[in-house]
Amino acid sequence: MTVSNPLIDSSGEAQWYFSQVKGTMEDEVNEADIISTVEFNEDGELLATGDKGGRIVIFQREQPTKSQLQQNDFNSLRTEYNVYSTFQSHEAEFDYLKSLEIEEKINKIKWLRRKNMAHFLLSTNDKTVKLWKIRERNKRAIIQSSSASSEYSHYQNHTSLMNGNITVRDDINGFIRTVSIPVVKYMDRIEVEAIPKRVFANAHTYHINSISLNSDQETFMSADDLRINLWHIEITNQSFNIVDIKPANMEELTEVITAAEFHPKECNLFVYSSSKGIIRLCDMRQSALCDSQAKIFEEREDPTTKNFFSEIISSISDVKFSHSGRYLCTRDYLHVKIWDLNMESRPVETYNVHDYLRNKLCVLYENDCIFDKFECSWSSNDDHILTGSYNNFFKSFNRNSKQELMFECSREQTKPRQQLRPKRVTSSNLSNGQANGNSSPLLNSKRNNLMNGKTNSYKDEVNVDNLDFTKKILHTSWHPKDNIIAIAATNNLYLFYNKENTNPTSSMASYISSCNSISSNSSINCFNTLSNSTFSTTPMNPESTASLQNSQNQLNQIQLNTSFYTAPSSGFTNQPNVQTQQTSSQNTTMSL
């Protein structure tokens, strides 16, 4: 049975709507304000961002009130996030032995699974990993003695420790006096504080590019250019080196580690990618030092197409396990690839992100944009892939329909609940039919309408020569349960949501109910095409009854197997229903 896709409407396009934008909208961007990482926590209630200034900003999902819940407006309200906490995670340092300045930039943030009322997260810069505890506590205020004396002056005849007054008897002077003390008063306001619990330092010679928490929630690994270390969350002065690719002679160095991640379910498995476009799956049960990998995932390049930029654009910038742990998503400069853990020879799916830039690699090499590291994200159901591009464009790929759509994080589309319009990048010569930005059938049909002189409603086209390479989306994150995405565009954080922001279980239940209803109506229409006397006056023999039941089962199977190409979330389209009914009617007539 195929379940309708909640991201696709009746027209076949992905429906994303604007929710929020965080950050200043000024043209001049402060280098320290550029967002360097984005990460949702396990349940999606918190969203953390790190910037180049070493700061971490945590946003909390807005909680609806009781009156708002009674209005059944739960989904739209839950798409907004407000600032929860802000703190300085790392400071700029200087290594005097190597005469090297260590930036405060936050490279990665990883949330730990919540075990109590507090939240824990790991953050890292180029050299040091820190464990932070995020907790709430009541705000306390101290009332000074002078204010306490005037406030509690009418209690002077009583001895009390609760109101800040103590009655003291002076036997020498023969009178009783009252001494006021400061009072601690608890406010109704709750403050959030970030406490550093652990500091994992002095273990990496090279820059840390990724950290990953193990599924056992007790260990994590940190990876730099040549080594991967395994840490215990409670031990800061000791780590184990599990991968070391540093050669004895550095002149023989041919590749570096670009990303690493633990398996989401198997605590002994992890993968790491290299600048050669190779992914290695390692099993820590085989040996303490995982020099011999369990599997190597590599796609051989055609020697005839190899050029100066081949090795640069084949370098993998990010690798992510799917939530199920069955697939791997990798991002190189031009593509997103999906790998099956059971097949190492080639990826099972390949998507072009911005293949229209292949002719501009020389320009990108001169301005160093060819070395940009783009990230990728899985949707909560592993059916969609999200990644970024230039000109503040980001792309979503539907693994089932192979549909790919591109949208823009723009100030022009910041109205509340405004629907995003798909974008398309065209080459310099549109008359030749070159539409490299997106190859979906929908976009091609609209392009043909433009070429034929018909009215074109698809006006959001950008020429490849007009792309702004200073505006780039490197960091993205998909909500772990709902259809909410967080996009980091320079110093701004964009939040988008899908209207069908519901639990997949409930969506499936409603879809099955709709299918059953349609199947029932279709069956009635099929039976009505036959003579009424056949069903009302003439008794049916056992063979006819069995044939009729078989036809009805076939009809139900046809309805349940209808994919979301013809059965979007808003319901079946009329034309496919008629065709299904006619076909079922003919089958029923033949059986009878």
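Worth a mention:
- Selection status of F59, outside any loop (DSSP other than H, G, I, E, B), touching a strand residue (DSSP E or B) at 6+ places or on another chain (Cβ under 7 Å), at pLDDT 95 or above and more than 24 Å from K472 (Cβ to Cβ): no
Yes/no matrix, rows are residues, columns are (1) surrounded by fewer than 21 Cβ atoms within 10 Å (Cβ to Cβ); (2) hydroxyl-bearing (S, T, Y):
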{"residue": "I370", "(1), (2)": "yes, no"}
{"residue": "D383", "(1), (2)": "yes, no"}
{"residue": "L386", "(1), (2)": "no, no"}
{"residue": "N392", "(1), (2)": "no, no"}
{"residue": "K395", "(1), (2)": "no, no"}
{"residue": "S401", "(1), (2)": "yes, yes"}
{"residue": "E408", "(1), (2)": "no, no"}
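- Looking only at residues of region 223-236 that are within 18 Å of R113 (Cα to Cα) and either polar (S, T, N, Q) or touching a residue at least 24 places away in the same chain (Cβ under 8 Å) (or both), we find that the one that is surrounded by the most Cβ atoms within 10 Å (Cβ to Cβ) is W231.
- Scanning region 13-45 for residues that are surrounded by fewer than 17 Cβ atoms within 10 Å (Cβ to Cβ), in a loop (DSSP other than H, G, I, E, B) and either modelled with pLDDT of 90 or more or not charged (D, E, K, R) (or both) turns up T24, M25, V29, N30, E42, D43.
- Hits in region 351-377 - residues which are polar (S, T, N, Q) and closer than 21 Å to A259 by Cα: N352, S377
- Counted as qualifying within region 288-351 are the strands (runs of 3 or more DSSP E) with 2 or more residues that are open to solvent by 10 Å² or more (accessible area, probe 1.4 Å), namely 295-297, 318-321, 335-340.
- Filtered residue count, region 99-113, keeping only those that are in contact (Cβ under 8 Å) with a residue 60 or more places away in the chain and loosely packed, with under 15 Cβ neighbours inside 10 Å: 1
- Residues satisfying the stated conditions in region 237-273, i.e. more than 22 Å from S314 (Cβ to Cβ), open to solvent by 30 Å² or more (accessible area, probe 1.4 Å) and in a loop (DSSP other than H, G, I, E, B): N237, Q238, A248, N249, P264, K265, E266, C267
- R198 vs. criteria open to solvent by 20 Å² or more (accessible area, probe 1.4 Å), under 25 Å from the mean Cα position of the chain (by Cα) and either on the phi < 0 side of the Ramachandran plot or modelled with pLDDT of 95 or more (or both): no
- Filtered residue count, region 220-264, keeping only those that are over 22 Å from R331 (Cα atoms) and not β-branched (V, I, T): 20
- Residue satisfying condition, being modelled with pLDDT under 90 and of a type in the set (D, E), within set E234, E301, E261, E255: E301
The values are calculated or read from the model by the stated rules, or taken from the named source; none is laboratory data. Keep in mind it's a predicted model, so treat the numbers as computed, not measured. Glycine also receives a Cβ, built like all others from the backbone with ideal geometry; neighbour counts cover every protein chain displayed. SASA here: full protein model, heavy atoms, side chains in, ligands and nucleic acids out. Shrake-Rupley method; radii C 1.70, N 1.55, O 1.52, S 1.80 Å.
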